[in-house]
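In what follows, a structure is listed as structure tokens, so that the remarks can point back to it.
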Amino acid sequence: FEGVDVVFHTAAADPSKNNLQLHYKVNVIGTKNVIGACKICKVKRLIHTSSSAVVFDGVHGLFNVNESLPYPDKFPDAYAQTKAEAEKLVMDANDTNDLLTCCIRPGSIFDPGDLVMPTLDRYGRTHFTVGDGKNYDDFVYVKNVVHGHICADKTLSTMDGARTSGGKAYFITNMEPMNMWDFLYTVQEELGYKRLFKIRIPIHVIKPISYLVEGAYKVLYHFGMPTPQILTQARIKYATLNRTFSCDKAVKELGYKPIVKLMITVKLYIQLRNKDL
């Protein structure tokens, strides 16, 4: 970090793996090390990629919540718990005379290059909904996440911005909250898969299955069973509860505004996919 004015700390453990030891090492200890290195090397600004999951308890839905919502007493998984711990470390490290810090809380990050699009493509004819199918989510295109980080850095670069935004956290989304399942089905239809029917799986049916899957993993991981990534208690909570966030604070204080619409990213993926066919 020597000779660097700003550090963007984006590293994190895979959120789909509910391993507390792994997440603590990467998200908490790793963030402590980044903060320490920034101070030693006299870095002026640290912009940390946090997560909107830091205010999610896995029990209550979130409806257009803002940054005044406190951390929950209990988290749905190790990822959310350790990201909240890391965020606190970064905000506490803010010092107008030393290191200025700011945390960005992205919604559900979406990108043509991630696993969501290929998975929807691979299972394009599989149309099912878990729960009542009425939950909304706040997706955010990765370029808008990057843009939010840059807005934070530019804000901290000014004296007024440093006073206003130093040591604070901001939600960043596409500002296009939508029904999560409708969005996923729309993506599949854009990929060429028609929604002929829809299977709805009640939560009381899928929950026992997740308990069995996670229980089996605790016994069989020694024998090479891969870490469950979809049928887990935490994933079901994320997939069935409302999670939308207000970006008003980011708009007002950071000058944030999404630069790419969500459905444009779907068309980008389709263009890339068709080139590879």
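Only a single item in (1) loosely packed, with under 13 Cβ neighbours inside 10 Å; (2) more than 21 Å from the chain's Cα centre (by Cα); (3) modelled with pLDDT of 75 or more is not met by Asn274, and it is number (3). Among the conditions (1) farther than 21 Å from Ala234 by Cβ; (2) not in a loop (DSSP other than H, G, I, E, B), the only one that Gln21 does not satisfy is (1). Against the numbered list (1) out of contact with any Phe, Trp or Tyr (no Cβ under 8 Å at 6 or more places or on another chain); (2) over 30 Å from Gly255 (Cα atoms); (3) charged (D, E, K, R); (4) touching a residue at least 60 places away in the same chain (Cβ under 8 Å), Lys218 comes up short only at (4). Given (1) surrounded by fewer than 18 Cβ atoms within 10 Å (Cβ to Cβ); (2) in contact (Cβ under 8 Å) with a residue 40 or more places away in the chain; (3) closer than 24 Å to Ile150 by Cβ, where does Gly61 come up short, assuming only one miss? It fails just one condition, (3). Asn27 fulfils the conditions (1) in contact with a Ser or Thr (Cβ under 7 Å, 6 or more places away or on another chain); (2) among the polar types (S, T, N, Q); (3) under 21 Å from Ala162 (Cβ atoms) except for a single criterion, (3).
Filter region 159-210 for residues that are small (Gly, Ala, Ser), modelled with pLDDT of 85 or more and part of a helix (DSSP H, G or I) and give the result.
Just the residues of region 159-210 that are small (Gly, Ala, Ser), to begin with: 161-162, 165-167, 169, 192, 210.
Filter once more, keeping what is modelled with pLDDT of 85 or more: 161-162, 165-167, 169.
Result: Gly161, Ala162, Ser165.
Within region 64-82, which residues are under 16 Å from the mean Cα position of the chain (by Cα) and within 21 Å of Met180 (Cβ to Cβ)? So that I can check it myself, show each step before the final result.
Step one: of region 64-82, the residues under 16 Å from the mean Cα position of the chain (by Cα) are 64-67, 71, 75-82.
Those that are under 16 Å from the mean Cα position of the chain (by Cα) and within 21 Å of Met180 (Cβ to Cβ): Asn64, Val65, Asn66, Phe75, Pro76, Asp77, Tyr79, Ala80.
Looking only at region 92-145, which residues are at pLDDT 80 or above and part of a helix (DSSP H, G or I)? Even if it seems obvious, please write down each step before you answer.
Filtering region 92-145 for residues at pLDDT 80 or above gives 92-95, 98-111, 129-145.
Hits for region 92-145 are Asp92, Val142, Lys143, Asn144, Val145.
Based on what the data block shows, is Tyr170 touching a Leu at 6+ places or on another chain (Cβ under 9 Å), surrounded by 20 or more Cβ atoms within 10 Å (Cβ to Cβ) and in contact (Cβ under 8 Å) with a residue 24 or more places away in the chain? Spelling it out, Tyr170 is indeed touching a Leu at 6+ places or on another chain (Cβ under 9 Å), surrounded by 20 or more Cβ atoms within 10 Å (Cβ to Cβ) and in contact (Cβ under 8 Å) with a residue 24 or more places away in the chain. Scanning region 42-64 for residues that are at positive phi and of a type in the set (S, T, N, Q) gives a single hit, Asn64.
Is it true that Tyr238 is among the aromatic types (Phe, Trp, Tyr), in contact (Cβ under 8 Å) with a residue 24 or more places away in the chain and on the phi < 0 side of the Ramachandran plot?
Details: among the aromatic types (Phe, Trp, Tyr): yes; in contact (Cβ under 8 Å) with a residue 24 or more places away in the chain: yes; on the phi < 0 side of the Ramachandran plot: yes.
Here the answer is yes, as Tyr238 does meet what is asked.
Okay, residues lined up against (1) outside any loop (DSSP other than H, G, I, E, B); (2) of a type in the set (Gly, Ala, Ser):
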| position | (1), (2) |
| --- | --- |
| Asp14 | no, no |
| Lys17 | no, no |
| Lys25 | yes, no |
| Val28 | yes, no |
| Thr31 | yes, no |
| Lys39 | yes, no |
| Asp57 | no, no |
| Ser68 | no, yes |
| Pro76 | no, no |
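Does Lys267 count as assigned to a helix (DSSP H, G or I) and on the phi < 0 side of the Ramachandran plot? Walk me through it before giving the result.
Values: assigned to a helix (DSSP H, G or I): yes; on the phi < 0 side of the Ramachandran plot: yes.
Yes.
The values are calculated or read from the model by the stated rules, or taken from the named source; none is laboratory data. None of these values were measured; they are calculated from a predicted model. Virtual Cβ from ideal backbone geometry, glycine too; neighbours counted across all protein chains shown.
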